[in-house]
Structure formats: C-alpha cells, structure tokens
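What follows is calculated from the coordinates using simple rules that are stated; it is not laboratory data. The structure presented is a predicted model; accordingly, all values stated were derived computationally and were not measured. No Cβ is skipped: glycine too gets one built from the backbone with ideal geometry, and neighbour counts run over all protein chains shown.
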Amino acid sequence: MRKRGRRGDGGLTRRPNGRCQAQVSRTEGGKRVRETRTFDHESEAKWWLQEAKRGHVPDDPRLSEYLPRWLAGKRRIRPSTQALYESHVRVHLIPALGGFRLSELRARHVEAFVDGLELAPGTVGLVLRTLRGALEHAVRNHDLERNPAAHVEPPAVRRKPVEAMTPADRDAILDAVKGHWLEHVVRFLAGSGCRIGEACALNQGDVHDGWVSIRQPKGEPRATRISEDAQEALQEAIRQAPRRGKGEPVFFGPGGDRLTRVAATHALPRALVRAGLPRMTPHKLRHGAASLMAADGWSMKVIAEQLGNTERIVGSTYAHISPAVQKAAVQSLNVRKR
C-alpha cells in the first residue's frame, strides 16, 4: 500500500520502500499523457515535478545514450580535445557507468568508478573532468538537478620536480638536431617556450618581427615574444616551406604536410639518443625555456605571461629551479654591520 505525500506536494507519492514517486499529466497530440518517475530522495522528486509542471519533462537516458549525444554537441573544441573526450567515453565511462540513468547516478557510484580506474593519477583526473563536464551540461539543460561528480576528488598527482636546463644543455640539443627536419621547430620552441601544439598550428601569416601570434581555441590570439634565434628559425622554415602563403603552415613534416604533435614527439627523442643525449620530448623544451628565464632572475609573472599560463601554475612548477637567484636573494637577509 502506497503512502500519499504531504498536502501540497502535488503528484508526489511515498512508496513503502522509502523511494518517492512523482507523477504529472500533460496533453500531447490531443491525448492526455501521464509521466511517472521514481527517485531515491524526495528533493529530487520535487525538483522533477517542478520542472515537469513548467512544461519541461527532464530527459533521463542511460549514460550509454547520453554521453555520445553530449559528445556530438561539442563543436567548439579542438580536434585533439574531441579525440580525448571520445576515448574517455568509449574506453572508461560507458563500460563502467553506461547502465546508469542520469537520475540514478550518485556520488558514491562516481567515487567507486574513480577508485577502480587502474590509470596514472593525472589520467584519472582527466577522465573525471570529462564526466563532470558531461553531467554539468545536463544540469544546465535542466535534465539533472545536481552534478553527482561535482565534489568527487581525483587522486593526488605527485609530479616529479622539473629539472633545470642550463645554456649548455640547450646548446647540445640544438647541435643534435642541426640539419634534421626538426631543427627549425626545436629552435623555435627553445626560443619561445611555446607548446608543441602551438608550434604545429602556426601559420606563416602568424609570424611577425620579433613575435608570433598564437591562435587559441577560446578568446583572442596571444602575442608571444621570441628570441632572435627563434626568429631566424621561423624565417628559414618559411623560406624552405613546400608551400607559401599566409594560411600555410610554418612547419612541415617529412611527408610534406603540416607537422603534427605526434610526429614531433616521436622523432625528437630518437634524434637526441642518436646524438648521445638523454631522451626528451618537445614539451621538455618548454620547461627548459622557463627554467632558463627563472635562472636569470625573471619573475614568475613575466615567465607566466611568456608561456601563456597562470602565475600560480608557473610558480608551483618552476620556483625551485633558480638556485643561483635564490642564493643571491638571501644576501638581502644578511645582518648589516653596525
């Protein structure tokens, strides 16, 4: 026997098992249609009933249906980000959570999912962020009352300290790639601190005298100053480009097409090992540029602006790699002789 809800609850019914049922009637195609949903918590049932009475019956698909639909609507993101989301949804989210309906998913389910992922902590955080974004979209569309993943904490990421690069290290790397098809992009990265993805996306029309225009997925392009050697590398790359034009790439791969991040990331470590140097990805050149600026005493604010990053992230990553500057700074703490 069902127990009716309190007066004024409208179409709410308390069931014997403690769950709460919400029911609303509406006219659809000239016929009276009755919509019923059952919830674990009364607050959720009230929210659903309120939305339904406003004329919006919240959609409640299974995550196996909802996540691909959410992905299909993501148009204003980079192809690499789209591919990452698709991988998270296909490989991790649907196999583990696809059977849940939106209204059924709870924080405890998300926590169990996160705890069961046998991935690096940083990767677990990225998968969780993808799920959060998908569920937040449902909240904005009024298909979900609250985001069950909003307060689930990812595992702590313990990053290895960034090793400082010396001018001698940088020169050895530049010597190792001299004459290699990577030479120009490596010189540009070392002389700017840009990301490899930003270098690959650079068009010939983005190159100016002493600076480049970095096009960003959101917001206005970022003007980034570059070193004299980086400027020469860009000019040489454009002179040698198989195609010329403002919309053509600055850097081309060995096949004659725009250089890709994957190609550069695979080729650079091999080139360095052949020269007897330690393996290094293009991203380490970004770290190297930051460490060289820090060692010369430039503030974290200046370095952050050069890298196109936040001062907080730059400070936490590179603050420890300027021992010479720190040694000089503590001289200010010496007691003056009276």
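Throw me the Rg/Rh for the stretch 167-320, computed over C-alpha atoms with Kirkwood Rh, two decimals.
0.95
Could I get the Rg over Rh figure for the stretch 63-140? Both from C-alpha atoms, Rh via Kirkwood, rounded to two places.
That ratio is 0.93, to two decimals.
Apply the Karplus curve 6.51 cos²θ - 1.76 cosθ + 1.60, θ = phi - 60°, to the phi angles in the stretch 117-130 and return the couplings in whole Hz, x for Gly and Pro.
Per-residue couplings from phi come out as 6, 8, 10, 4, x, x, 5, 4, x, 5, 5, 4, 5, 5 Hz.
I need the phi-derived Karplus couplings for the stretch 263-269: 6.51 cos²θ - 1.76 cosθ + 1.60, θ = phi - 60°, integer Hz, Gly and Pro marked x.
4, 5, 5, 7, 7, 4, x
Considering the convex hull of the alpha carbon atoms of the stretch 191-247, report its projected area averaged over all viewing directions, in nm², one decimal.
Taking a quarter of the hull surface, the average projection is 3.9 nm².
Taking amide H positions as placed 1.01 Å from N in the peptide plane, with prolines and chain starts having none, which residues 5 or more places from Arg195, or on another chain, fall under 5 Å of its amide H?
none
How high is the relative contact order of the chain, in percent, with contacts defined as C-alpha pairs under 8 Å that are six or more residues apart?
Once divided by the residue count of the chain, the mean separation gives 12 percent.
May I have the pair-distance distribution P(r) for the stretch 138-211, computed from all Cα-Cα distances with 10 Å bins from 0 and rounded to whole percent?
With 10 Å bins starting at 0, P(r) equals 13, 27, 20, 17, 17, 6.
Please get the size of the charge dipole for the chain, origin at its Cα centre, with Cβ charges of +1 on Lys and Arg and -1 on Asp and Glu, quoted in debye to the nearest 20.
1500
Could you run the Karplus curve 6.51 cos²θ - 1.76 cosθ + 1.60 with θ = phi - 60° over the stretch 288-305 and give me ³J(HN,Hα) per residue in whole Hz, x for Gly and Pro?
Values per residue, Gly and Pro as x: x, 4, 5, 5, 5, 5, 5, 5, 8, x, 6, 5, 5, 5, 5, 5, 4, 5 Hz.
Nearest 20 debye, what's the magnitude of the dipole of the stretch 216-276 about its Cα centre given +1 on Lys and Arg Cβ and -1 on Asp and Glu Cβ?
240
Find which of Leu67, Ala295, Leu277 sits farthest along the positive direction of the dipole of the chain, computed with +1 on the beta-carbon of Lys and Arg, -1 on that of Asp and Glu, about the Cα centre.
Positive-end residue among those listed: Leu67.
Across the Cα atoms of the chain, what radius of gyration and what greatest pairwise Cα-Cα distance (Dmax) are found, in Å?
Rg and Dmax of the chain, Cα atoms, are 27.6, 97 Å.
Put +1 on the Cβ of every Lys and Arg and -1 on every Asp and Glu Cβ in the chain; which of Asn203, Met165, Gly18 then has its Cα farthest towards the positive end of the dipole?
Gly18
Quick check on packing: order 117-129, 249-261 by the mean number of other C-beta atoms within 10 Å, highest mean leading.
249-261, 117-129
Using a Gaussian network model on the chain with a 10 Å cutoff between Cα atoms, which of Ser192, Ser25, Ser213 fluctuates the most?
Evaluated over the chain, the most mobile residue of the options is Ser25.
Only Lys, Arg, Asp and Glu count, each charged at its Cβ (+1, +1, -1, -1), so figure out the dipole size of the stretch 99-157 about its Cα centre, rounded to 20 debye.
It comes to approximately 140 debye.
Under a 5 Å amide H to amide H cut-off, with H placed in plane at 1.01 Å, what residues pair with Leu259 once short-range neighbours are removed?
It is Phe251, Phe252, Gly253, by chain and number.
What whole number of Å gives the distance from the Cα centroid of the stretch 198-232 to the Cα centroid of the stretch 148-185?
Computed from Cα coordinates, the inter-centre distance equals 20 Å.
Under 12 Å from the Cα of Lys160, which aspartates and glutamates turn up, not counting those fewer than eight places away in the same chain?
none
Per DSSP H run of at least 4 residues, take -39500 (n - 2.57); add these up for the chain, divide by its residues and hand me the 222 nm value, nearest 500 deg cm²/dmol.
When only DSSP H runs of four or more count, the value is -13000 deg cm²/dmol.
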